[in-house]
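Below you'll find the structure, written out as structure tokens, and then a few comments.
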Amino acid sequence: MSYRTALSRIMSGVIEPGAERVRTHGAFPRASVAALGHSGLLALTVSAELGGRGLGPAEAAEVVAEVSRACPATGAVLRSHYVAVAVIEAHGIHWVRRRIAAGHHLSTLALAEAVGSGERGVPPGPPSTATRTGDVVALCARKRDVVAAGEADSYVWSSRPADGSDGLSLWLVPADAPGLFVPARPDGEGPRGCVSSTVRADPVLVPAGAMLGPSGGGIDAVLGAVLPWLAALPAPGMAVARPAGVNMPARSPTCALEERAASA
């Protein structure tokens, strides 16, 4: 079955019927995400050698745009997942990629830091750090506007290198990693229902092997994968109809990352 046929069936059978509940109640679109997984659309950009569809940004942009038309929250979740997968495909562990290919793994980005003077009511936190002890790394950070917070199976996470050098390192943080805290109520920006929140690590413990790419090589991953994919995929929820009384932010959850990168 082609990805377009699969998408058409999911749109009419799951995403469109559930979109109003997501918008009205702010409910995470679990049924839609599950359907995207079962149909192979979560694995749209995973290598065909590992069981994915092996497609690229153009096809991913088409899927995100169509999904966002009916349900901006599902579109936001899918967009963040595809960008995270681009990093995982370049540097990730095979078993994670196979889980994504099988439709059993949702990933997301945790890159924007909640630092400074407590913007949008989030208490200020220190820049993300990593401290290695043996084969365990302790990540300390407050990441804001994390889409699918508490719902994703993993987070593509950024920090300073564990060896104290300059640069940026990326990590794949499992959702069940010890010390990971997600607030009960979403506090971030994005379409209603994408459960964008601040995620805290005070600290969160991961194996040293969870690093994506070389130590300090995160800037290359951001410039080579994250930003190009964010630019290629449409940002959902920019101007959509919503029920009266629902205040939906005009910016996408990843706008800050894009703005900071553009000004760097």
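The values are calculated or read from the model by the stated rules, or taken from the named source; none is laboratory data. A quick note: this is a predicted structure, and the numbers were derived from the prediction, not measured. With ideal geometry, Cβ positions are generated from the backbone for all residues, glycine too; neighbour counts draw on all protein chains shown. Each accessible area value is taken on the protein alone, full model and side chains, heavy atoms only, with ligands, DNA and RNA left out. Shrake-Rupley method; radii C 1.70, N 1.55, O 1.52, S 1.80 Å.
Spin-label point model (7 Å from Cα, Cβ direction): what's the Asp176 to Leu223 distance in nm?
3.8 nm
Using a 1.4 angstrom probe, figure out how much accessible area the stretch 1-154 has per residue, in square angstrom, rounded to the nearest whole.
Numbers: 6100 Å² over 154 residues.
Result: 40 Å² of accessible area for each residue.
So how do Phe181, Phe28 rank on accessible area, 1.4 Å probe, biggest first, that is with the largest at the start? Could you put the intermediate results ahead of the total?
Details: Phe181 105, Phe28 20 Å².
Correct descending sequence by accessible area is Phe181, Phe28.
Amide H neighbours of Asp153 under 5 Å, counting only residues 5+ apart in sequence or on other chains, H built in-plane at 1.01 Å?
Leu106, Ser107
Given a cut-off of under 8 Å on Cα pairs at least six residues apart, what relative contact order in percent is computed for the stretch 1-94? Write down the numbers at each step before the final one.
Values: 89 pairs, mean separation 24.7, N = 94.
That works out to 26 percent.
Just to be sure I understand the model, the point goes 7 Å from the Cα along the line to the Cβ. What's the resulting Val136 to Arg30 distance in nm?
Label at Val136, label at Arg30, 3.1 nm between them.
Rounded to the nearest 10 Å², what accessible area does Ile15 show when all protein chains are kept and the probe is 1.4 Å?
Looks like 0 Å² after rounding.
Taking the Cα centre of the stretch 1-100 as the origin, how large is its charge dipole in debye, to the nearest 20, when only Lys and Arg (+1) and Asp and Glu (-1) carry charge on their Cβ atoms? Please list the in-between numbers first.
Numbers: 11 positive and 7 negative charges, 48 e Å.
The calculation lands at about 220 debye.
Any chance you could look up the accessible area of Ser12 with a 1.4 Å probe, heavy atoms only, rounded to 10 Å²?
Probe radius 1.4 Å; accessible area of Ser12 about 80 Å².
What percent do you get for the relative contact order of the stretch 96-238 when only Cα pairs under 8 Å and 6+ apart count? Before the final figure, lay out each step's value.
Numbers: 303 pairs, mean separation 34.4, N = 143.
After rounding, I find 24 percent.
Decide, for the stretch 1-148, between rounded, prolate and oblate: order the square roots of the alpha carbon gyration tensor eigenvalues as a ≥ b ≥ c, take rounded if a/c falls under 1.5, and otherwise choose prolate if a/b is larger than b/c, else oblate.
It comes out oblate by the Cα gyration axes.
Taking Cα centroids, how far is the stretch 126-147 from the stretch 176-222 in Å?
Each part reduced to its Cα centre gives a spacing of 8 Å.
Determine one quarter of the surface area of the Cα convex hull of the stretch 25-104, which equals its mean projected area, and express it in nm² to one decimal. Write out the running numbers ahead of the final one.
On the way: hull surface 19.4 nm².
Dividing the Cα hull surface by four gives the mean projection, 4.9 nm².
Can you give the accessible area of Cys194 in Å² (nearest 10), computed on protein heavy atoms with a 1.4 Å probe?
Near enough 0 Å² of accessible area.
By how many nm would the segment from His38 to Ser12 lengthen if fully extended, with 0.36 nm per residue of separation less the alpha-carbon distance?
Details: separation 26, 0.36 × 26 = 9.36 nm, distance 1.53 nm.
Stretched out fully, the His38 to Ser12 stretch lengthens by 7.8 nm.
Spin-label point model (7 Å from Cα, Cβ direction): what's the Leu205 to Ile93 distance in nm?
In this crude spin-label approximation the distance works out to 1.6 nm.
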